[in-house]
Every structure is written in C-alpha cells, then in structure tokens.
1. For Ile16, list long-range residues whose amide hydrogen, built 1.01 Å from N in the peptide plane, is under 5 Å from its own amide hydrogen.
2. Quick one: if the Förster radius is 22 Å, what FRET efficiency do Tyr134 and Ala113 give, using the C-beta to C-beta distance and rounding to 0.05?
3. For the peptides 20-33, 51-64, 166-179, 195-208, what is the packing order when you average, over each peptide's residues, the other Cβ atoms within 10 Å and list the highest mean first?
4. Which whole-number percent gives the relative contact order of region 51-202, counting Cα pairs below 8 Å spaced six or more residues apart?
5. Taking amide H positions as placed 1.01 Å from N in the peptide plane, with prolines and chain starts having none, which residues 5 or more places from Asp197, or on another chain, fall under 5 Å of its amide H?
6. Give the shape of region 1-123 as rounded, prolate or oblate, defined through the alpha-carbon gyration tensor: a ≥ b ≥ c are the square roots of its eigenvalues, a/c under 1.5 means rounded, and otherwise the shape is prolate if a/b is larger than b/c and oblate if not.
7. Given a cut-off of 15 Å, what percent of all Cα-Cα pairs of region 87-155 lie beyond it?
8. Calculate one ³J(HN,Hα) per residue across region 44-53 by plugging θ = phi - 60° into the Karplus curve 6.51 cos²θ - 1.76 cosθ + 1.60, and present them in order as whole Hz with x for glycine and proline.
Amino acid sequence: MLQIQDLSVAYGRRSIIRDLTAGPLLPGRVVSLLGPNGSGKSTLLKALAGLLKVERGQVLLDGQDLTKLSFERRAQRVVYLPQSLPAAVHLRVFESVMVAARASDLDPRAQDASPQRILDVLGRLGIEHLAMHYLDQLSGGQKQLVGLAQALIRTPRLLLLDEPLSALDLNYQCHVMDLLAQETREHGLTTLIVLHDLNIALQRSDEALLIRARASWSATAGRTRSSRPAPWPTSTRSRPGWKPARAGCPTC
Ligand SMILES: Nc1ncnc2c1ncn2[C@@H]1O[C@H](COP(=O)(O)OP(=O)(O)OP(=O)(O)O)[C@@H](O)[C@H]1O
Ligand SMILES: [Mg+2]
C-alpha cells in the first residue's frame, strides 16, 4: 500500500510538487497518473523512485517511509521505468532481462533468472521471438516492451511506469495494460503508470490521480473502470461512482 503524505519536490528553488497527499493506493490495483505536459508527473515518479531528493513529506510503502531508506534498499522495493528510452547497449534481449532479474533481490522468485522464466515474461509480452536480438537493433516500441520485461521480472512492491505505452501501437497498448493489470493483481503490486490516453486510462486502470500544471498538487483516487468513455472531470478530483466493468478498449 502506498501513501504519499505532504510531499514537496523542487528543482533548485523551483517548486514543482507542493504538499501532495495521495492514497492509500492499494496493492493489486493499477493507478493512472494523468495531467498535461510539464505538470510534474515524471518529477513525482522520480521522487518516488528516489532519483530526486524530496524537500519534505513522506512516501509510505507498506508503512515504511521510503524517503528514509538508502537508494539501494529503496531499489529493492521499487522499480521505475523512465519516460525516455535508455540508450540501447549491444546486449541481447534475453541477456538484458536476465541481468535485470539477477540485479534484483526483491524476493526469491524475482531472483529466479532461469531461461524458462525469462522466456515466459517475454512470451507474455509477445516478444519471445526477439530474445536473441540485440537491444541496439530494436525499434522504439520493441525497446519499450523489453523495458517492461525488465521491470516485470523483478516483481517489485511498487511499480512506477512513465508513459510505457508511448511507442506502442494501439493493439499493444491494450495488451500491455491488460498484462499489467494481471501482474499487479497476481503479485499484489502497487502500479502507478503515467498515461496521456484518457480512453485507456478509463478502461484499463482501477483509479486515477490527476495533476494540474502551475498549481499546487492535489489528487484524489477513484475508480476509473467504465463501460464507455466518460467526460473527464475538469477539477483534479476523479469522478465518483464509475462502475468497474470489463469492457473493450475504445481505442483498440
Ligand atoms: N531536471 C530538471 N531541472 C529543472 N526543471 C525541470 C527538470 N525536469 C523537469 N523540469 C520542469 O519541471 C516541470 C515538470 O516536469 P515533468 O517532466 O515532471 O512534467 P511531466 O508532467 O512529466 O510532463 P510530460 O507529460 O511532458 O512528460 C516542468 O516545468 C519542467 O520544465
Ligand atoms: Mg513526463
């Protein structure tokens, strides 16, 4: 369970996130993080991942304040997939996922870097045929899927994904969201995912946090699963009363 309490983050003297309180975000649920360009979504994820120092506030994961942990200890619990794709190295996809699994000591299962488990993760993402391809010879979307494989194989407590669908075609976007929901439920993860597509957010996530640019942060979680697209609220509060439903994604 994730609880963000009075969190403030700044770049130098420029305050980006001010006194944000959000949550509790419950295990097993996918939460979309929505908002316009420059509103602070990536900044928040980096702060939660420990890549940015917070000015003040708490980030409680299962009751433990992440801001008090060393980067190494935090990395055992939190996996972060950045918005920009990392420069690809000359490593095979299979090897890169194995390195990610071995780098992790999250739990004994996560350390299992057996070929079968790696192929299984690649298979669930539909990229097992790329296992022996080199990372620096992949397309943008293929690299993004490999990044997701590297994140999923670590089975963290908190999974932070910054626009992981941005390079994917529409069919893959829905497939990946379904897979994330399944992994999140199965392993009791808390998954926070930055999205720009409101249809996908409405159809494929359990809750949403909305962020407004040039305003102090405020956010409220609420259900976003809906059988049809709903008009997005103009305030930072998510609309109450949306009913959960398994429905086809209107984007697909
Ligand atoms: N390293 C940095 N140093 C200073 N300011 C930064 C830095 N990174 C981001 N900012 C500023 O912080 C604000 C929030 O940026 P952030 O990247 O978090 O936005 P975002 O919501 O993720 O936007 P987008 O949807 O375009 O990815 C922006 O005004 C940006 O200019
Ligand atoms: Mg961003």
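Just so it is clear, none of the values below were taken in a lab; they were calculated from the coordinates. Everything numeric here is computed off the predicted structure, so don't read it as measured data. Here the Cβ positions follow ideal geometry from the backbone for every residue, glycine too, while neighbour counts run over all protein chains shown.
1. Hits under the 5 Å cutoff: Val9, Ala10, Tyr11.
2. On the way: r = 19 Å, r/R0 = 0.87.
Efficiency, from the Cβ-Cβ distance: 0.70.
3. Descending packing order for the listed peptides: 195-208, 20-33, 166-179, 51-64.
4. Details: 183 pairs, mean separation 39.5, N = 152.
Relative contact order comes out at 26 percent.
5. Sorted by chain and number, the residues that satisfy this come to none at all.
6. Working: a/c = 2.11, a/b = 1.67, b/c = 1.26.
It is prolate, given that a/c is not under 1.5 and a/b is the larger ratio.
7. 42 percent
8. After applying 6.51 cos²θ - 1.76 cosθ + 1.60, I find 5, 4, 5, 5, 5, 7, x, 8, 10, 6 Hz.
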